[in-house]
Every structure is written in structure tokens, then in C-alpha cells.
Amino acid sequence: MKSLLEALEEGRLLELPDGDKLRSIELLSHLVEAIPDIGSKRDILKGVMEREAQANTGMGRGVACPHCRTPDEGELRCAVGWSPKGIAYGSPDGKPVHFIILYYVPDSERNAYLKEVSGLAKAISASEESFEVISAMPDIHAVRDKLLDWVGLALAGAVPDAKARMIKLEAKEAIVSSRESMPPMMVAQGARFLPFRLISHQGGCLVLCNDPRLAESLEGNAELPSRIALSREFDLGQWRVAVLSESIFARDRKEYTAIAIEMG
């Protein structure tokens, strides 16, 4: 369950803005593309939807695990979306989906992906929770805790109980300690969702993204580096910025991966 734990620890959990399946998968695809070692080298949305056309990835009980397979090297990664209203997904049990866990699956990680999804399915089944319980989660923090419970149940079948409890406890402590600095993202309906990288240095900053207007807007804002240093999610002009990760280099240089959400 390594990739799911990493997604929760690194803040790749968001509240989905509406009940549209394609829009929800698009948002999660962009979130995965914002991971530094993945970037935009693959059209993840296209890959996911091609797989989805072959077979629906709804697991039942309000959970779906869409995925994009790729010949690229790398690690198994995922991002998680929660829909309070539910999404008409076409799952085998006919129930709307409230949890979408979207996976990026390099060829070398196919067995790891199958093992993780199998463990997740067994954990959901072992928890014996009804669809009504899953659909009534009150907030995104409760969602985090439930996902951690499932991780603990999945690990219990693969490693000794003591180690499973320790892994779950360490993950929960890491998530709790990062809640203030890396809050879950709340995305409004109709927003544009644009991943970017920011290089901060003594002379200013450089924004790397595929949208020229976003790059110009962010680079022209002198407050951007200081705002990122103070908070992991904030509003800056017409953009809401959510920082996903930070890397520190020599000469006070920093690299951030982030998402810019254009409101309205």
C-alpha cells in the first residue's frame, strides 16, 4: 500500500467539485502529472479513459480505481479524490462512487499495482462497512482516517500485525503533523486546474508550466515566493495556489511543485 500511503502523506487528496466522472478523473490526472518525476511526459487522462472504455474500474461500495499504464520507468503513484455527492460511475453494484483512487502504473510496477488494488478490495470487504457509511463521510479528514484504516487492514494480511500497526501509526502521525502546512484542496465547480513548478532564488522566481498566461501572471507577482514559504494553500489574484512538495538546493534555491486553480 506504499503508493496510497505516499499520496495521503504528500497531500494528493482532494475534494472533487461535482459529480462529473470525466471532470473528476481529469483533476486527479493533473494532480498525478504534477509529481516531479512524472510531469507531462504522458497524457494520463487519455490513458485512463482508454482503459476505462475497455472495462469500468468501479469496485463497488462507492470506490473506483481508474489507472493509466505506461512503458515509462518509475514508481507506482496515485492521487485520491472524494466526492461527497457521489459520481455516476457505472460500477457493477449500481452505486455512485465517493472515492476515486487514480493510479499511474509503469510496466515494471504492474504487479505492485495489482497487489495494492487487491489488498484495497480485501480491506474494504473485511471492514464490512455498508455503502451508506462510506457515502456519509462528514469531511475530508474523516476520509483520510478511513483510507488509513483500509491501509491498516490491507497490511495486516501482508505483514505481521505489529509492523502493520506501526506503519499505519507512522503514516497517521505524518499526516496529522502536516495538516496545517498541507491542507486538503477544495476545488470549486468550473475551475481550471493547472500544474506548475516554481524555482525560487535570490533574484526572484521562475515558473515552469504549459500555460503562458499562468507563467506570466505568477512570475510577475513579487509576493509569490514569500506566500509559498508561509502557507501551502493560498489565494493570489485570480489564482488559488496549492503546493504539493518542496525541494531545497544550494545557495538558498528551492523548487516547488504546485497546482494553480483559476477561479471563475
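A few remarks follow.
- Residue in segment 209-220 that is of a type in the set (D, E, K, R), surrounded by fewer than 16 Cβ atoms within 10 Å (Cβ to Cβ), at pLDDT below 50 and under 22 Å from ILE35 (Cα atoms) present: no
- Put simply, of LEU102, LEU27, LEU22 the only residue that is surrounded by fewer than 20 Cβ atoms within 10 Å (Cβ to Cβ) and not in a loop (DSSP other than H, G, I, E, B) is LEU22.
- Considering segment 130-149, and only residues there that are hydrophobic (A, V, I, L, M, F, W, C), surrounded by 16 or more Cβ atoms within 10 Å (Cβ to Cβ) and part of a helix (DSSP H, G or I), the residue that is modelled with the lowest pLDDT turns out to be PHE131.
- Boolean, SER24 is among the polar types (S, T, N, Q) and either farther than 25 Å from MET137 by Cβ or in contact with an Asp or Glu (Cβ under 8 Å, 6 or more places away or on another chain) (or both): yes
- Listed conditions (1) among the small types (Gly, Ala, Ser); (2) out of contact with any strand residue (DSSP E or B) (no Cβ under 7 Å at 6 or more places or on another chain); (3) at pLDDT below 90; (4) over 18 Å from LYS2 (Cβ atoms) are all met by GLY94, apart from (3).
- From the options GLU10, GLU73, residue that is surrounded by fewer than 22 Cβ atoms within 10 Å (Cβ to Cβ) and touching a Leu at 6+ places or on another chain (Cβ under 7 Å): GLU10
- The set of residues in segment 65-96 that are of a type in the set (Ser, Thr, Tyr) and over 18 Å from GLU26 (Cβ atoms) contains only SER91.
- Among the residues of segment 105-144, those that are acidic (Asp, Glu) and in contact (Cβ under 8 Å) with a residue 24 or more places away in the chain comprise ASP107, GLU109, GLU116, GLU129.
- Of everything in segment 227-261 that is of a type in the set (Val, Ile, Thr) and without any contact (Cβ under 8 Å) to a residue 24 or more places away in the chain, the residue that is surrounded by the fewest Cβ atoms within 10 Å (Cβ to Cβ) is ILE248.
The values are calculated or read from the model by the stated rules, or taken from the named source; none is laboratory data. Only a predicted model underlies this, so the values are computations on that prediction, with no experimental measurement involved. In this analysis, Cβ positions are derived from the backbone assuming ideal geometry, glycine residues included, and neighbour counts consider all displayed protein chains.
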